[in-house]
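Taking it in order: structure first as C-alpha cells, then the write-up.
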Amino acid sequence: RQLQELIQGASDPQELLQVCGGRGLSSNLAAMAITRLARLTGDGQLDTESIRRDPRFQQLLDTVDGQISQVWNTSLVQLLRSLPALGLDRAGRQVRSVEQEVLWRLRRLPLRHLVHLAEHLAGHRDSPLLPEVLRKLELRWTEVEGTRTVVTLMVKVGHLSPTLMERLEDKALELAEQLDPDEIRRIMLALAFQQRRCVPLLRALSYHLLQKPPELGLPVLTDLLFACSKLSFQQPQVLHRLSLELQPHLGTLSPVQVSRCARSFAALRWLSRPLAEAIAQYSLDNTKDMSVSHLCGIVLSFARLNFQPSSSEEFFTMIHEQLQGQVQELDPHVLTDVVWSLCVLQQARPPYLHEVLSPEFHTRLQGDTSPRAQSSWMKLIHINTTARLETPGYQGPFLPPEVLREDKDRDKDKDKDKATPLQQGLWEALPGALGGRNLARHNVHTVFGWDIDAEVVLDSDHKPLPVRDFTAPHLSHSQGTKPLPPGAKRVAFLRWEFPQFSSRGRDLLGRGALARRHLRKAGFLLVEVS
C-alpha cells in the first residue's frame, strides 16, 4: 500500500522511476506504475523516447510480462491504453501480450471494463480485440446502466455494430428523461453521423429537451440544429426554441457557423423571420470577414425559404458587389446554385444568366449522372425559364431546344407506379368531373423544368376542351396543331403534400414560388390540390 501511494503521488516520470527502481514490485504494481508514467508524460507533453530507453522502465515491462496473469482487471485495462501512449508499437510483443490476456479474461470482465475497452479500441479498428469486445457488448447489453455509459457507447462504437446500436437506442429511449442537454446533443449527433433516423427516440429526446431550462448553450444549439437537419427531423417546438435561443448568440458566431445555421434551417424548411433578418444584418456587418462561398450559402438558404430581408436593396447590392469578378472562379455547381437562388428572389442580372447559359458552361454538366449534377442541370433549366419569361432585356444565350427535350423513352407505366395516392386520386377524379378521358393531360413534363400533375384547357365559358388538339409551347413535342381559341385558358393542377406545414407555409418554399411564377408567366391558371 505504501508503494501504491508513492506511485500515485509521483509528480514527474523520473521521481516515479526512482521509486520503482531497485524494488521487487509485483506485476500489478508495475502495471500501475506504467499507467502513471503514461499519464504524467501525457499531462506534461514530455518526450517518451528517453523513458522507453530507461532500464528501470524496461524492468517494469519485464515484471508485467512475466506475471501478467496476476495483474488486476482494472490495471490490465488501463495498461492496454497506456503502452501505446508511451510510444510502444501496437504490433509489438508487450502490447500483443496484454491484448491476449485481456482476450482470455473478456467473459469475466465487468461491463464497465468492456465499455472502457470499447472506448479505447474504437479508434483502432485493426485491433483483433475490438470485434470480440463488441460481440460481448451485444450479448450483455441488458447490463448497460446509466446515461453516461449509453451515450459513450453510442458515440464511440455505435457505428461499428448496428446490432448494438439498436439495443442502445432502446436503452436511450428508456433513460431519455434522465439525459441532460449535452447528452441529448451527443446522442443526436451520433444518430446524425450514422444516418439513423430512429423517430421514437428523436421524439422522446425532443420532448425532454423542451422540458429543460432555457439557455441551452451555444454548442448544444448549433449541434442540435445540425443533427435535426442531417436527419430531416422537423419538430416545430424544437426548431422554434433553437431559433429563439440562437438569435442572441449570432454575433459571436464565425461566418462559417452562421452559414451552416442558415443552410440547416433552409434544409428543414423552417423560417424564423427574426433570425433570418439577423443573419442578413450579420452578413452586412461582417462582409469583410465573409467569403463568397459563405454568402452564396446564405443566399441559397434565403431562396429555399423564399425570404426577402427587410434591408433587401442593401443586402443584394452587397451580394452583387461581392460576386463581381468572382463568378468565373466559383465551382460550377455553386455558381448554378447562387444564380438559381437569385432567380427565386427576383434578383438575377443578365451577366449571371449569360454566364451559366453559355454553351461553354452548360456543356460541362451534360453527361454527368451524379445526383448533384442532375440537381444543377434542373436548376439550369429553371434559370433558362427565368431568362425567357422574366427578364425582358436579356437577349441570350439560352439553352438549346434539344437539351430541353423530354426523354421519349420514359416509361409512363413506371411513372404511374411512382405516383402518390394524391396524384392517382386526382387522375381518377378528373375524367368524371370533366366528362371525358381525353380532356386532361396527366403527368406533364414541361420545358420549364416543372412537372404538372394534370393539365386542362377551358374555353371562355369554362367548358373543357380536348387538350391534345391544341399547340403546347410548354412541351418539347406538341401533339396538337390548333391555336387556343380566344378567351381559352390552360389550367395546371399542382399537388401539395406537406401536411406538416399550414397553407401559409406553402410560400416558404422558394422552389414552389418559382414554379408558380413561371407557370403563371406561361399563361397557366393554377389549381393547388392537397
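The values are calculated or read from the model by the stated rules, or taken from the named source; none is laboratory data. Only a predicted model underlies this, so the values are computations on that prediction, with no experimental measurement involved. Cβ sites come from the backbone with ideal geometry, for glycine too, and all protein chains shown count toward neighbours. In case anyone asks, the SASA skips ligands and DNA or RNA and just uses the protein heavy atoms, side chains included. Shrake-Rupley method; radii C 1.70, N 1.55, O 1.52, S 1.80 Å.
Just a few scattered comments:
- Scanning the range 277-299 for residues that are open to solvent by 20 Å² or more (accessible area, probe 1.4 Å) and either assigned by the TED database to the domain that holds HIS382 or in contact with a Phe, Trp or Tyr (Cβ under 8 Å, 6 or more places away or on another chain) (or both) yields one hit, LEU284.
Conditions tested, residue by residue: (1) in a loop (DSSP other than H, G, I, E, B); (2) under 15 Å from LEU86 (Cα atoms); (3) open to solvent by 40 Å² or more (accessible area, probe 1.4 Å); (4) of a type in the set (D, E, K, R).
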{"site": "ALA31", "(1), (2), (3), (4)": "no, yes, no, no"}
{"site": "THR35", "(1), (2), (3), (4)": "no, yes, no, no"}
{"site": "ARG39", "(1), (2), (3), (4)": "no, yes, yes, yes"}
{"site": "ASP43", "(1), (2), (3), (4)": "no, yes, yes, yes"}
{"site": "ASP47", "(1), (2), (3), (4)": "yes, yes, yes, yes"}
{"site": "ARG52", "(1), (2), (3), (4)": "no, yes, yes, yes"}
{"site": "GLN58", "(1), (2), (3), (4)": "no, yes, yes, no"}
{"site": "ASP65", "(1), (2), (3), (4)": "no, no, yes, yes"}
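- Residue count for the range 464-510 under the criterion of being in a helix (DSSP H, G or I) and either under 24 Å from GLY435 (Cβ atoms) or modelled with pLDDT of 85 or more (or both): the result is 3.
- Just one of the listed residues (LEU111, LEU86, LEU121) is under 12 Å from ASN73 (Cα atoms) and of a type in the set (A, V, I, L, M), and it is LEU111.
- Residues in the range 362-385 that are more than 29 Å from the chain's Cα centre (by Cα) and open to solvent by 20 Å² or more (accessible area, probe 1.4 Å): THR363 only.
- A single member of LEU216, LEU221 is part of a loop (DSSP other than H, G, I, E, B), free of Cβ contacts under 8 Å to residues at least 40 places away in the same chain and surrounded by 18 or more Cβ atoms within 10 Å (Cβ to Cβ), and it is LEU216.
- Within the range 343-361, tally of residues that are open to solvent by 10 Å² or more (accessible area, probe 1.4 Å), part of a helix (DSSP H, G or I) and closer than 15 Å to GLN328 by Cβ: 5
- Counted residues, the range 107-137 - those being acidic (Asp, Glu) and surrounded by fewer than 15 Cβ atoms within 10 Å (Cβ to Cβ): 1
- Top-ranked residue in the range 70-106 [being closer than 17 Å to GLN58 by Cβ and among the hydroxyl-bearing types (Ser, Thr, Tyr); ranked as least open to solvent (accessible area, probe 1.4 Å)]: SER82
- Residue satisfying condition, being at pLDDT below 90, touching a Ser or Thr at 6+ places or on another chain (Cβ under 8 Å) and more than 24 Å from THR481 (Cβ to Cβ), within set LEU404, LEU422: LEU422
- Conditions (1) within 40 Å of the chain's Cα centre (by Cα); (2) among the β-branched types (Val, Ile, Thr); (3) modelled with pLDDT of 90 or more: number failed by THR41: (3)
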